[in-house]
Amino acid sequence: MLIQQLVNGLLLGTTFALIALSFNLVVGALDRLNFALGETAMVSAICGALLLSRLDLPFVLAFLAALAVGALVAGVTFVLSFRFVSADYHTAPILSSLGVGLVLTSLVTRVLGSDQRRVPTVLDDVRIEIGPLRIVGDQLIILVVAALMTVLLYVFLNRTPWGTAIRGVSDDPDMSGLLGIPVQRVILLTFVISGMLAGASGLLTGLSFHTVSPFTGFETTLTALMVIVLGGLGNITGGVIAAMMIGVIETLTVAYLSATYRDLIVFVLVGITLLARPQGLFTRDTGVVGRV
Amino acid sequence: MADLTLRALDITKQFLGVTALAEVTLEVERGSIHGVVGPNGAGKTTLLNVMSGFLPPTDGVVELDGRDITRLSPQKRVPLGVTRTFQNLRLFGGLTVRENVLLGQHSHARTGFLSLWPLRTAADKELDREADHALRIFGLTDYRKRRAATLPYGLQKQVEIARAVSAKPKLLLMDEPAAGMTAKERLDLVPRIRALRDEGITVVIVEHDMDVIATVCDVVTVLNFGRKLIEGTPADALASDQVRTAYLGT
């Protein structure tokens, strides 16, 4: 029934919102896309899933581990693909971060195998029923964790010295350097945080489908690109709204049309929207408060 | 010998063979407000760029407290106590006024705005107080939570000065601070620059506006066509025939 599908779609959208935030943070700090973030999410999710199913760790610990893995992978990606690449050479970081993504996928399949991994149910006995509408415990976890991370990110960016520095570097990296701010360290921090968001998104997505596969990395990147382009590149609020929209569209397509055509329908809809509004649905805010 | 904060000795700067500065020497005494004036194209901003490290001189030496800093980048000069403002604004437009000032404090001796320790320490509170103090001097307290880009131009210039001051520099280099300000803002600027001097900051002002220079400066250096025309008290310098000729062209 429709309302249930809408709620499912919005919940799926929250995981898209996290990965879109992750991409947008890097866009803000460097005006570059880190194409390895989809694989970063996948690697974190696989690690989290293994800790949950093999070691029977509590979800909180597996989640923190996924954050740590995401942070580590994104930090390494920064050093390998961005740090030493000249700012004038725009395509190099695209190719090198895509390369990091490929390496991550093969690394995981070689070392851990190409099997799908099961993500066990966490909250089995909690469920909310409002009339015919049903929200299960794991969906609640996804909602609460995603909301919590978004709020924490907002507070971090707006209320702490390092967050202020990230916004300053996004605004004007040259001026930041002239004021003596360690620009490269601030950018590394931005990558690390974006990696944590990607890791969270990966494990939460795994929790919503109760499975993770080592081949979903690039698909995640595509979805995130779809979301951030639709929401307006670098626009955080726009990205969150666009993520919800795409989550709902995907869910409704699977429920009422066909799972096979899910991506096709989303791509076509986004394409049509961009023909009408090439700048995205929500125009980019002039300031960094809107961008980051 | 006089106690000098900055000495720029025999500075020559050529751009593709065109001489912008020819053997200009500027000696800035500690605790003074030193004006550099001259008609358009006289080399004022070039000299300021050489002193702040934005341009390497073709020839000559820049010394800060007797130490040769000619080859140091602007980033390396900031921690040594040299900050500057820009003729065209370079603010973080999306950040609040207060955040702009806080970021300016980063290079601040020892403590630094960005420590790895996430909790607020006594030193942080000190930095907060200093930021609020800088905001107060420049009349920005009421605007501290506004995004810098939303302020009128004159106020944005005040924010830029406050940001440069918040680094607690020994030497503040100001590039045309009065340009684009209203008459009232220019009037306010004079006591504010004096207040900075009273706090122990040596100030160099490159300025087109003679009124501001004449009121606030202790020493004025007049440049014309990349050469030092005259140097002295504002009254002497501005009364000189050479200066009248350079400015009025008669």
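The values are calculated or read from the model by the stated rules, or taken from the named source; none is laboratory data. Predicted, not measured: the structure shown is a model, and the values here were computed from it. Methodologically, a virtual Cβ is constructed for each residue, glycine included, from the backbone with ideal geometry; neighbour enumeration extends over all protein chains shown. What goes into the accessible areas is simple: the full protein's heavy atoms, side chains included, and nothing from ligands, DNA or RNA. Shrake-Rupley method; radii C 1.70, N 1.55, O 1.52, S 1.80 Å.
Within the range A:180-197, the residues that satisfy the criterion of being open to solvent by 20 Å² or more (accessible area, probe 1.4 Å) and part of a loop (DSSP other than H, G, I, E, B) are A:180, A:182. Considering (1) within 25 Å of residue B:49 (Cα to Cα); (2) modelled with pLDDT under 90; (3) open to solvent by less than 70 Å² (accessible area, probe 1.4 Å); (4) more than 14 Å from every other protein chain (Cβ to nearest Cβ), the lone condition that residue B:153 does not fulfil carries the number (3).
For every residue, the table says whether it meets (1) open to solvent by 30 Å² or more (accessible area, probe 1.4 Å); (2) touching a residue at least 12 places away in the same chain (Cβ under 8 Å); (3) in contact with a Leu (Cβ under 6 Å, 6 or more places away or on another chain); (4) acidic (Asp, Glu).
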| site | (1), (2), (3), (4) |
| --- | --- |
| A:25 | no, yes, no, no |
| A:39 | no, yes, yes, yes |
| A:45 | no, yes, yes, no |
| A:61 | yes, no, no, no |
| A:65 | no, yes, yes, no |
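Among residues that are open to solvent by 40 Å² or more (accessible area, probe 1.4 Å), facing chain A (nearest Cβ under 8 Å), at pLDDT below 85 and closer than 27 Å to residue B:138 by Cα, residue B:75 is included. When the residues of the range A:116-161 are filtered to those that are out of contact with any Leu (no Cβ under 6 Å at 6 or more places or on another chain) and within 14 Å of chain B (Cβ to nearest Cβ), the one that is most open to solvent (accessible area, probe 1.4 Å) is A:159. Looking at the structure I just gave you, is residue A:222 more than 21 Å from residue A:94 (Cα to Cα) and within 12 Å of the chain's Cα centre (by Cα)? No, not satisfied. Number of residues in the range B:1-40 that are open to solvent by less than 70 Å² (accessible area, probe 1.4 Å) and either assigned to a strand (DSSP E or B) or at pLDDT below 85 (or both): the value is 26. The single condition among (1) open to solvent by 60 Å² or more (accessible area, probe 1.4 Å); (2) touching a residue at least 40 places away in the same chain (Cβ under 8 Å) that residue A:104 does not satisfy is (1). Residue B:194 meets all of the listed conditions (1) charged (D, E, K, R); (2) more than 17 Å from the chain's Cα centre (by Cα); (3) at pLDDT 85 or above but one, namely (2). Taking first residues from the range B:223-237 that are in contact (Cβ under 8 Å) with a residue 40 or more places away in the chain and partners that are among the basic types (Lys, Arg), the Cβ contacts under 7 Å between residues at least 6 apart in sequence or on separate chains come to B:223/B:44. For the range B:56-97, filtering for residues that are aliphatic (A, V, I, L, M) and not in a strand (DSSP E or B) leaves 8. Being crowded, with 18+ Cβ neighbours inside 10 Å, at pLDDT 85 or above, among the small types (Gly, Ala, Ser) and closer than 28 Å to residue A:176 by Cα narrows it down to one of A:239, A:287, A:247, so name that one. When all the criteria are applied, what remains is A:239. Across the range A:188-209, the number of residues qualifying as out of contact with any Ser or Thr (no Cβ under 9 Å at 6 or more places or on another chain), over 25 Å from residue A:5 (Cα atoms) and away from chain B (no Cβ under 13 Å) comes to 1. Considering the range B:195-223 alone, what residues qualify as being buried (at least 20 other Cβ atoms within 10 Å of the Cβ) and of a type outside the set (A, V, I, L, M, F, W, C)? Within the range B:195-223, B:202, B:207, B:221 meet the criteria. None of B:242, B:158 is under 14 Å from the mean Cα position of the chain (by Cα), of a type in the set (S, T, N, Q) and either more than 27 Å from residue B:78 (Cα to Cα) or part of a helix (DSSP H, G or I) (or both) except B:158.
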